[in-house]
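Since the structure comes first, as structure tokens, the remarks are kept for the end.
The values are calculated or read from the model by the stated rules, or taken from the named source; none is laboratory data. Nothing here was measured: the structure is a model prediction, and the numbers come from that model. Backbone-built Cβ (ideal geometry, glycine too); neighbour counts: all protein chains shown.
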2 protein chains.
Amino acid sequence: MKPVPNPSDAGNQRKKAIVVGAGPVGALAALALAKRGWFVEVYEGRPDIRLPSSKARTEQRSINLAISHRGIAALEAIEPAAASRFLESAIPMRGRMIHKLSGALDSQPYDRDGQCINSIDRALLNEGLLHQVAESPNINLFFNHRVTGVDFDGKTIAIRDSLSGKDFTTRFNLCIGADGSYSIIRRQMMRVVRMNYQQEYIRDEYLELKMPAGRDHAGQPTFLLDPNHLHIWPRHSFMLIALPNKDKTFTCTLFAPTAELDRLCSADSILTWFKSYFPDALRLIGENSLLEDFKRNPKSPLICTKANPYHYKDRAIILGDAAHSMVPFYGQGLNAGLEDVRVLMTLLDQEGVSSTLSTSDSRKDYDRHLDNALQRYTDTRHEDLIAISDLAMNNYVEMRHSVTQLSYLFRKTMDNLLYSLTSPRMASLASLTPKLATLPYPTGEVRGWLPLYTMVTFRPDINYAAVKKRAARQATILTGLSWIGVGLCGVAGAWLLWAARAATLHLLA
Amino acid sequence: MKPVPNPSDAGNQRKKAIVVGAGPVGALAALALAKRGWFVEVYEGRPDIRLPSSKARTEQRSINLAISHRGIAALEAIEPAAASRFLESAIPMRGRMIHKLSGALDSQPYDRDGQCINSIDRALLNEGLLHQVAESPNINLFFNHRVTGVDFDGKTIAIRDSLSGKDFTTRFNLCIGADGSYSIIRRQMMRVVRMNYQQEYIRDEYLELKMPAGRDHAGQPTFLLDPNHLHIWPRHSFMLIALPNKDKTFTCTLFAPTAELDRLCSADSILTWFKSYFPDALRLIGENSLLEDFKRNPKSPLICTKANPYHYKDRAIILGDAAHSMVPFYGQGLNAGLEDVRVLMTLLDQEGVSSTLSTSDSRKDYDRHLDNALQRYTDTRHEDLIAISDLAMNNYVEMRHSVTQLSYLFRKTMDNLLYSLTSPRMASLASLTPKLATLPYPTGEVRGWLPLYTMVTFRPDINYAAVKKRAARQATILTGLSWIGVGLCGVAGAWLLWAARAATLHLLA
């Protein structure tokens, strides 16, 4: 254990942060504070995922994620070297591949300029960040340590080492809850903060299935589907999706209403259902593998949580899923969580929060700068997080239903046309980076038509709330244009009919 | 302690219910089950409010309530003798008394037929029910006993006796959570049920103030305001209300935005503010008493919670504030909670839930009838509880603002006129009672125009959801009639002007 002093020790002036949860958001927050000179202790209730023995446990969770520009921008702002390493181990996905019931395929690129999202192994990303954490001289990392209580007014946290059964208490200046949807820190904060809070289970559940790698002529493993797409089998009230893994397999996820999944209770019913709705996927997954996964893997609920405020005075804040767990249909859950860290750090820097206790601060046991920064975080971040949570919910209908509709394809074509006509080519993520250090974002500088997906996924310089408002305005225009299109088609059709009738009469005359 | 056997004892076939919380809702639920032959244990975390030493503690809470027909109907269905005793100790309030800033008064009756709501001491109601509970041979009542955990699958509950510090576990067939807004049973259920849950603090807080009794010529205590009204000082963004007590005092409650109350931090600012907005109330309360209450009484938040489902399988349910704490502006919080008990008991009776374990039931450890009843409770009750929660929120604007507006008074006059023209006189609450035993309610039988307040407060035979829908339809009609009224006034005005002009010209000719 590194010599991280207790902040109450006389003579030591550096501040101590406790981060609860060693997932990607917690690890990144710890790294960001350590870089700013804080002493950090990270407490994680589960075992160390870097140990081979615990691999099996993590594999039960969603194992690949779509990381996009917001997540990457946050990683680059805090750990630039790590960010590029992660991208090397990720598989770029340039668009959606729609699998129709007939077996026909339809590739829908995500972006005109070839920007892509990245399929990445959740464990790999987490392990990479934990390696950085372990190397930092300012961070101590504890696994199998559960929080049993927090005294926010006394700035102490009670921890139980679940291996030894030992209980202890430690002091903090700042406590960060990055402990997921069922956050203990959030529950503890709700005792002292008048927190508005909402949790909602949607009618659907999800189940993970594995699609194995194929073999090429030389016997080497090979992808059974195009690896540079996110594959979707939209079936209106339910859907199957598949993301590529580095080992040439795909992780498939079935999203369906609980009532629909409950009917699939026998091998016969499962196979019949798959043959009706996903015959091509069934061939690639294999009947035995499918039945095995149905038996072994849990059917998990999808929960959406919202909270406000996110902080308590100058001493506690929740980030990531602890503050806003959302449905996964925009692939933004983790991206938003990593962005939380970047936004918080920008505010700490802007407010001039120091990592040392000035003598007067320590006498008052109060940090005005930190208080301001956390208050500004709640004030500025809430509308953004509600916006992306709502957008994620709306995107489920798009993915499982709209993508197959003619009206959707017409609107998408118009959307892309207006984008081409009004917006210059986006150079790269790096070109946006200088803007990100300023908060609130200089959104006035964003001009031209930008499709919703592009803004959410590839434009971290536009906050989610601004994205949602801009998209609503654009949607109104698209609806208007669609009606004009319908009108023009009607006029053209009538003219054609009239001309055909006239020509026929002329020929018969 | 009465000989209540453990349901696991061989040879004993009676079911055991645990009720957590000994407030009015918990006490009524315990009485209702005991009457149906169940063994009941009631656990309350606080001390016995019937003991003189704990009086002071309860007085910090809201001490008087407006009980109306739904609450009375529930009491009468379960404890008819108690219901009439409570009504004797209540003070009927026949309408609102609006106190304008000028000091002018405006009495607005609640109901054409003289139906009234009743101001009752919360402690008195609670104590009365607890006396009944204590007398029941089937109920054991424990104070200073806190729930520390529930194993719903094992049907056991862990309790700590906070006086002795002793922990123990006991079995149940049915666990009822009636433990208020911050319910432990609800939190425990959220671990096993996918419960949608929402809590929202509104922008306002409340503070209780005491208006003393006056003295008549003979030196006897006397009311300083008309005791048969609920007094309101509506001031648009905030308000003061007053309810009469048996000792001739009034309990006043100030509702105001937190920011507004925070400004009142000195004696000067408090008195100046009261002199500007409530000069008449200030005279009656007295400056010293007002300042004393401001110093001593807490500024309490107003929380609105919503949950769904309310039950878990055949073994647990939450009632009252534990399931739906609402803002107090319709005076329906406790009424709805007592109605919860009546509705649940009606469903238990309809489903033929027995208080004894049949041999096969006990083998299966499962009660299909109970399961059906609890499921039907969640299915039928949710829409009602959301409706009254929303109506209560809307009524705040009516009480603090609309009651002073001309448009409101015009609509209210029309509302009452249509009521008089279409609906016969309501005989009494007793005349509705036979209908209440049937669920779903025979709402088809309700005819004619009924003002919203009348339906919510005086018609327990119309469920809250139906009330809300009916009120929305009536509001649309009222809006239409208002426009017709405006049109007719315009025409009449124009005709008068024309006639006046013509007469003038004729006279001058």
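Residues in the stretch A:109-123 that are surrounded by fewer than 17 Cβ atoms within 10 Å (Cβ to Cβ) and not charged (D, E, K, R): A:P109, A:G114.
So is A:A437 in contact (Cβ under 8 Å) with a residue 12 or more places away in the chain and touching a Phe, Trp or Tyr at 6+ places or on another chain (Cβ under 8 Å) or not? No: the conditions fail for A:A437. All of A:Y419, A:Y464, A:Y453 fail the test of being among the aromatic types (F, W, Y), within 21 Å of A:R94 (Cβ to Cβ) and within 22 Å of the chain's Cα centre (by Cα), apart from A:Y453.
State whether the residues of the stretch A:445-454 include one that is without any contact (Cβ under 8 Å) to a residue 12 or more places away in the chain and of a type in the set (F, W, Y). Within the stretch A:445-454, none of the residues are without any contact (Cβ under 8 Å) to a residue 12 or more places away in the chain and of a type in the set (F, W, Y).
Would you say B:H236 is in contact with a strand residue (DSSP E or B) (Cβ under 8 Å, 6 or more places away or on another chain) and away from chain A (no Cβ under 14 Å)?
Values: in contact with a strand residue (DSSP E or B) (Cβ under 8 Å, 6 or more places away or on another chain): no; away from chain A (no Cβ under 14 Å): yes.
Taking the combined requirement at face value, the residue does not satisfy it.
Against the definition (in contact with a helix residue (DSSP H, G or I) (Cβ under 7 Å, 6 or more places away or on another chain), surrounded by 15 or more Cβ atoms within 10 Å (Cβ to Cβ), in a strand (DSSP E or B) and not hydroxyl-bearing (S, T, Y)), how does A:L240 come out, yes or no? So A:L240 fits the description; yes.
Would you pick out the residues in the stretch A:159-179 that are among the small types (G, A, S) and without any contact (Cβ under 8 Å) to a residue 24 or more places away in the chain? Give the steps one after another, and end with the answer.
Here is the first cut: in the stretch A:159-179, the ones among the small types (G, A, S) are A:162, A:164-165, A:177-178.
A:S164, A:G165 - these are the residues of the stretch A:159-179 that are among the small types (G, A, S) and without any contact (Cβ under 8 Å) to a residue 24 or more places away in the chain.
Could you tell me whether A:S300 is surrounded by 22 or more Cβ atoms within 10 Å (Cβ to Cβ), within 14 Å of another protein chain (Cβ to nearest Cβ) and touching a residue at least 60 places away in the same chain (Cβ under 8 Å)? No, not satisfied.
Within the stretch B:409-428, not a single residue is in contact with a Pro (Cβ under 9 Å, 6 or more places away or on another chain), crowded, with 18+ Cβ neighbours inside 10 Å, over 24 Å from B:L478 (Cβ atoms) and touching a residue at least 12 places away in the same chain (Cβ under 8 Å). Among the numbered conditions (1) crowded, with 17+ Cβ neighbours inside 10 Å; (2) farther than 30 Å from A:V341 by Cα, the only one that A:Y201 does not meet is (2).
Taking into account only those residues within the stretch B:428-451 that are part of a loop (DSSP other than H, G, I, E, B) and of a type in the set (V, I, T), which is modelled with the highest pLDDT? Among those that are part of a loop (DSSP other than H, G, I, E, B) and of a type in the set (V, I, T), it is B:V446.
Answer with yes or no whether A:I176 is more than 14 Å from every other protein chain (Cβ to nearest Cβ) and at pLDDT below 95. No: the conditions fail for A:I176. Among the residues of the stretch B:265-291, just one is of a type in the set (F, W, Y) and in contact with a strand residue (DSSP E or B) (Cβ under 7 Å, 6 or more places away or on another chain), namely B:F278.
Can you spot a residue in the stretch B:97-107 that is more than 30 Å from B:S276 (Cβ to Cβ) and touching a strand residue (DSSP E or B) at 6+ places or on another chain (Cβ under 7 Å)? No, that holds for no residue. For the stretch B:254-263, indicate whether the set of residues that are over 26 Å from the mean Cα position of the chain (by Cα), farther than 30 Å from B:L33 by Cβ and either within 14 Å of another protein chain (Cβ to nearest Cβ) or hydroxyl-bearing (S, T, Y) (or both) is non-empty. Scanning the stretch B:254-263, I find at least one residue that is over 26 Å from the mean Cα position of the chain (by Cα), farther than 30 Å from B:L33 by Cβ and either within 14 Å of another protein chain (Cβ to nearest Cβ) or hydroxyl-bearing (S, T, Y) (or both), so the answer is yes.
Beta carbons closer than 9 Å, at least 6 apart along the sequence or on distinct chains, pair a first residue in the stretch A:180-205 that is free of Cβ contacts under 8 Å to residues at least 60 places away in the same chain and more than 10 Å from chain B (Cβ to nearest Cβ) with a second that is β-branched (V, I, T) and surrounded by 21 or more Cβ atoms within 10 Å (Cβ to Cβ) for A:Q188/A:V147; A:Q188/A:V150; A:Q188/A:I157.
Just one of the numbered conditions (1) buried (at least 21 other Cβ atoms within 10 Å of the Cβ); (2) at pLDDT 95 or above; (3) under 30 Å from B:T222 (Cα atoms) is not true of B:L291: (1).
From A:D161, A:D247, A:D226, which residue is more than 14 Å from chain B (Cβ to nearest Cβ) and over 30 Å from A:D280 (Cα atoms)?
Details: A:D247 fails: over 30 Å from A:D280 (Cα atoms); A:D226 fails: over 30 Å from A:D280 (Cα atoms).
Answer to the check: A:D161.
For the stretch A:257-268, does any single residue satisfy the condition of being assigned by TED's automatic domain parsing to the domain that holds A:P212, surrounded by 22 or more Cβ atoms within 10 Å (Cβ to Cβ) and not in a helix (DSSP H, G or I)? No, the stretch A:257-268 has no match at all.
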